[in-house]
Amino acid sequence: MKKYIALFVLLSLFTVLLVACGGSGGGSGSASHDVHMNQSNFAQPSITISKGDSINLIDDATVPHIIENGKWDNGIAKNVEESGAPTVNSLQFNGNDSHSIGPFTTSGTFHFYCTIHENMNLTVTVQ
């Protein structure tokens, strides 16, 4: 009987520690969302995230990318700073690396593009 009581106490303690350390998925309410890039495009051209979240751009290819605020529009690169968007100015990727953008603190739709690869656009919607 003492074994069962000891086991119950240990399991209860483990559960309390797990919850206290964030094992239940709790936390500050912010998260990071991965967006992969291949040779010449975003693998996912749009993403919806929550206010306070960040995105993590991951270059899966061995080619460089330079990311900025704005977008390609009919073959013309348009560098545009949108109110509430984190400022991204020549964020350099040299292949097989990653960088974070954010947190996004304002709701809205924001655009980012690669200055090297025509029509490589990413739309981030923040709710």
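FYI, it's all coordinate maths here, none of it is from the lab. Quick caveat: nothing in here was measured; it's all calculated off a predicted structure. Here the Cβ positions follow ideal geometry from the backbone for every residue, glycine too, while neighbour counts run over all protein chains shown.
Results, tabulated for the structure shown:
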| quantity | calculated |
| --- | --- |
| A61 paired with S32, simple spin-label distance in nm, labels 7 Å along Cα-to-beta-carbon | 2.3 nm |
| Long-range HN-HN contacts of V63 with modeled amide H, under 5 Å | N96 |
| Amide H partners (placed H, <5 Å) of F42, local residues excluded | N121 |
| Calculated from backbone phi, Karplus (6.51, -1.76, 1.60) coupling profile of the stretch 51-59 in Hz, x at Gly/Pro | 4, x, 7, 10, 10, 10, 7, 10, 8 |
| DSSP-loop trypsin sites (Lys or Arg not before Pro) across the stretch 38-127, with at most 15 other Cβ within 10 angstrom | K51 |
| ³J(HN,Hα), Karplus 6.51/-1.76/1.60, whole Hz, each residue of the stretch 85-99, x for Gly, Pro | 7, x, 6, 10, 10, 6, 6, 8, 10, 10, x, 6, 9, 8, 8 |
| Amide H within-cut-off set for T106, under 5 Å, with H built and near neighbours excluded | G52 |
| Residue-by-residue Karplus 3J(HN,Hα) for the stretch 37-48, coefficients 6.51, -1.76, 1.60, Hz, glycine and proline x | 10, 9, 3, 8, 7, 7, 4, 10, x, 8, 8, 10 |
| Rounded, prolate or oblate (a/c below 1.5 giving rounded, otherwise prolate when a/b exceeds b/c) for the stretch 66-127 by Cα gyration tensor | oblate |
